[in-house]
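A short write-up of the structure that comes next.
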Amino acid sequence: MFDFDGTLFNTMHLHADLASDTMNKYFGMPIEEARRCYLETAGISYRNQMYQIFSGQPKEKIDASIQEYNERRIKEVFEKSKPFPDVPKMLSELSGSNLFVSSGNEEVFIKPILEREHMTSFFKDVYGAESGLKEKHIQIVLNTLNPDLIVFFGDSTYDVKLSRKNVITIGRAGTPSTGMHSKEKLLAEGADLVAEDFSCIPKILSGFKGSKQELVQAIKEEIK
């Protein structure tokens, strides 16, 4: 399972720029503080983020800020969205596997981008905010396919905390300029593994049979 923004597509800096601008405009929060708050709560829907960050503010003001963000993100984020360089080859090498997108963003925005980049055929299904939180997306796959393990690729602290007995979380590390967290940050938040590039992982996953611990160790040896 793959998160979308910051994992498959290099968009977190675009989202953070837009979010911090609207948060500053509507709530007077300084740009850098707004950017930090946005990134620290990323992984859930933007609506849920805003209600979490500004829980004491009037609902009308929060909704107005969300509406402006939604209106602007088509041109300021999605039209500029491009996959990370390692993604097309990685997905091609995993072709035939049960691949899913699990995002806090809406499917109505994600699916056209995947189609534009000729990536739709790689995925068995795409789950967004319309399908609930990422925990629910994982449960849907567990219930329908009953896999021994799910490997979840993400970039936020929320994503890496999804690790559990039958779920491995692999974080994509970055820098503040990319709107992403460092390797140290993601490991501290609970990631099983962290990499800056996922290109070496398909050959390990293909046909792998073993425990969660054995798979984590095999990937760790490859990316160290």
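The helices (runs of 4 or more DSSP H) falling completely within the range 180-224 that include 1 or more residues that are in the same structural domain as Asp155 (by TED's automatic domain parsing) and among the small types (Gly, Ala, Ser) map to 183-188, 212-223.
Given Leu142, Leu162, which one is out of contact with any Pro (no Cβ under 9 Å at 6 or more places or on another chain), under 20 Å from Asp192 (Cβ atoms), surrounded by fewer than 19 Cβ atoms within 10 Å (Cβ to Cβ) and outside the structural domain of Thr22 (by TED's automatic domain parsing)?
Values: Leu162 fails: surrounded by fewer than 19 Cβ atoms within 10 Å (Cβ to Cβ).
Criteria check complete, one pass: Leu142.
When Lys136 is tested against (1) part of a loop (DSSP other than H, G, I, E, B); (2) out of contact with any His (no Cβ under 9 Å at 6 or more places or on another chain); (3) farther than 17 Å from Leu99 by Cβ, only condition (1) is not met. The helices (runs of 4 or more DSSP H) falling completely within the range 1-59 that include 2 or more residues that are touching a strand residue (DSSP E or B) at 6+ places or on another chain (Cβ under 7 Å) map to 12-27.
State yes or no: is Glu130 in a helix (DSSP H, G or I) and in contact (Cβ under 8 Å) with a residue 24 or more places away in the chain? In short, yes.
Results for (1) within 16 Å of the chain's Cα centre (by Cα); (2) closer than 19 Å to Thr41 by Cβ; (3) acidic (Asp, Glu), shown as yes or no for each residue.
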| position | (1), (2), (3) |
| --- | --- |
| Tyr127 | yes, no, no |
| Ile138 | yes, no, no |
| Val141 | no, no, no |
| Glu189 | yes, yes, yes |
| Phe198 | yes, no, no |
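Assigned by TED's automatic domain parsing to the domain that holds Ile204 and either within 16 Å of the chain's Cα centre (by Cα) or part of a helix (DSSP H, G or I) (or both), is that true of Ser121? Write out each step before concluding.
Numbers: assigned by TED's automatic domain parsing to the domain that holds Ile204: yes; either within 16 Å of the chain's Cα centre (by Cα) or part of a helix (DSSP H, G or I) (or both): yes.
When the stated conditions are applied, Ser121 passes them.
The values are calculated or read from the model by the stated rules, or taken from the named source; none is laboratory data. Since this is a predicted model, take the numbers as computed values, not measurements. Every residue, glycine among them, receives a Cβ derived from its backbone with ideal geometry; neighbour counts consider all protein chains shown.
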